[in-house]
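Below is one structure. I have some questions about it.
Please treat every number below as a calculation from the coordinates, not as lab data. All values reported here derive from a predicted model rather than from experimental measurement. Neighbour counts are summed over all protein chains in view; Cβ atoms, including those assigned to glycine, are modelled from backbone coordinates with ideal geometry.
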């Protein structure tokens, strides 16, 4: 049971003046903020570069990868 529901249950047993006072307090409360959505995992090249930078792992350019692929084809 939320705090609002608990307050409404207690207000039912009060006289009109006190009930009006407490309901006014309830109306003056700020609206709850919606929860923030979780960040979606990054994908693609930026994610790979980010991972390399985060873990201090050297990343290669496309040219370096192509050279490695061509070397593998020659063997």
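For the Cα atoms of the chain, what angle does the longest principal axis make with the long axis of helix 45-54, in degrees from 0 to 90, nearest 10?
It is inclined by approximately 90 degrees.
Using only Cα atoms, tell me the angle between helix 16-28 and the longest principal axis of the chain; keep it within 0 to 90° and round to the nearest 10.
The answer is roughly 20 degrees.
With a 10 Å Cβ neighbour count serving as the proxy for reagent exposure, in which order, fewest first, do 61, 4 appear?
With the fewest neighbours first, 61, 4 line up as 61, 4.
Hey, another quick one. Subtract the Cα-Cα distance of residue 70 and residue 17 from 0.36 nm times their separation in residues, and report this length gain in nm to one decimal.
Length gained between residue 70 and residue 17: 10.5 nm.
Roughly speaking, what is the centre-to-centre gap between the stretch 44-74 and the stretch 5-22 when only Cα atoms are used, to the nearest Å?
A separation of 66 Å, based on Cα centres.
So what's the angle, to the nearest 10 degrees on a 0 to 90 scale, between helix 62-74 and the longest Cα principal axis of the chain?
50 degrees
In a GNM of the chain with a 10 Å cut-off on Cα contacts, which of 17, 40, 48 has the highest mean-square fluctuation?
For the chain, modelled as a Gaussian network with Cα springs under 10 Å, the answer is 17.
Which value in nm describes the separation of the simple spin-label points at residue 56 and residue 9, placed 7 Å from the Cα toward the beta carbon?
Label at residue 56, label at residue 9, 5.7 nm between them.
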